[in-house]
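The values are calculated or read from the model by the stated rules, or taken from the named source; none is laboratory data. Note that the structure is a prediction, hence the values are computed from the model and not measured. Reconstructed Cβ throughout: ideal geometry from the backbone, glycine too, with neighbour counts over all protein chains shown. Surface areas here come from the heavy atoms of the whole protein model, side chains and all, with no ligands, DNA or RNA. Shrake-Rupley method; radii C 1.70, N 1.55, O 1.52, S 1.80 Å.
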Amino acid sequence: MMENLATHGFISIAPDHRYGTLLDANPNKLGEILLSMPTDIMESFDWLIDQNNAEGELANCIIAENGYSMIGQSTGGYASMMISGAQISFTDIESECEDENASDQIKLIHCNAVDFLESNEEMIENSTIDLQDSRVWATILLSPWNGTVLNQGISSVSVPSLVLTGDVDDTTVISEVNNTSTLLGSNLINYGIFNNSGHYSFAPIGCAVRGCDGLLDISISTNLANQSAIIFLAQQLNWPYSEEYQYPISEHIVWRY
């Protein structure tokens, strides 16, 4: 999708996240990763602004005050919601960390997040973690995960949003994505559900590593997702004649709006 957007004139940036790459993945740091990802994105856009103002290949390529759109798959979907206005309750995180009935994974995420926040108290204001970047004007959520830390806070997302997911995703299950879509309220522009598609419908490398046997061909799902992303962004940017664009009609996808 990033490459496809670049062919349509967008500058696409996909930063790595510490403790979240194939080379340094650390599940014990997942709480810290969740809280650091939005900052990584902001710093990436700040870097682009610096490059824009300097001599080089990216000089004078953007109008910085026009901001940027966010796209994220899975955990990236969580980060996209956070940077678009979603909020986390610090009290909720503490409660989950202390809950003796919570699963080991839930406790690990929340306790790691508490430890990180106690070392970065400036991130908490009135018991709320708000990592929104006002420069974001739209977001695309692909099989978005709530990170186990986003509940009603998703309703604070304040930019137009497109959601795409698979109906047999066993990581971010359809009920979770339905709930996310409901909480987005009037900011949800469209919601597409791909038939017979799993968690890696939009990430070919995921299919290559984990396998997508028996599911919708990855070339079909990525092509439909690419078309949908261009249409969504074009309409948000008011490209000429974009009001006439229609989301792809296919036997492989059901649109909710």
Seminar exercise, completed: Which residues qualify? For Val136, with a placed amide H closer than 5 Å and at least 5 residues away or on another chain, they are Tyr68
Exercise. What does the charge count near Leu224 come to, summing +1 for each Lys or Arg and -1 for each Asp or Glu among other residues with Cβ under 14 Å from its Cβ?
Worked result: -3
Problem set entry | Protection proxy ranking of 182-191, 244-253 - average other beta-carbon atoms within 10 Å, highest first | 182-191, 244-253
For this session: With springs connecting C-alpha atoms under 10 Å apart, model the chain as a Gaussian network and identify which of Gly67, Gly166, Gly192 has the largest mean-square fluctuation.
Result: Gly67
Exercise. Which of the listed residues, Tyr19, Leu237, Ile62, is farthest toward the dipole's positive end in the chain, when Lys, Arg count +1 and Asp, Glu count -1 at the beta-carbon?
Worked result: Leu237
For this session: Answer rounded, prolate or oblate for region 42-103, using the Cα gyration tensor with square roots of eigenvalues a ≥ b ≥ c: rounded when a/c is under 1.5, else prolate when a/b is larger than b/c, else oblate.
Result: prolate
Exercise. Between Ile11 and residues 5 or more places away or on another chain, which pairs have amide H atoms under 5 Å apart, with H built 1.01 Å from N, and which residues are they?
Worked result: none
For this session: Rank-order 58-65, 200-207 by packing density, defined as the average count of other C-beta atoms within 10 Å over each peptide's residues, highest first.
Result: 200-207, 58-65
Problem set entry | Total charge dipole magnitude, the chain, about the Cα centre, Cβ charges on Lys, Arg, Asp, Glu only, Debye to nearest 20 | 820 debye
Problem set entry | Distance from region 23-94 to region 243-257 (C-alpha centre basis), Å | 29 Å
Problem set entry | region 164-257 - accessible surface per residue (Å², probe 1.4 Å) | 51 Å²
For this session: Counting other Cβ atoms within 10 Å, keep those with at most 10, restrict to DSSP loop, and tell me which GluC sites (Glu not before Pro) in region 1-64 are left.
Result: Glu55, Glu57
For this session: Count the net charge of all other residues whose Cβ sits under 11 Å from the Cβ of Pro38, scoring Lys and Arg as +1 and Asp and Glu as -1.
Result: -4
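If I take every Cα pair under 8 Å that is 6 or more residues apart in region 156-213, average their sequence separation and divide by the length, what percent do I get for the relative contact order?
43 percent
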Exercise. Which of the helices in the chain, when you take each full DSSP H run, stretch at least 18 Å along the axis at their Cα atoms and have an average Kyte-Doolittle score of -1.0 or higher?
Worked result: 30-52, 104-118, 218-236
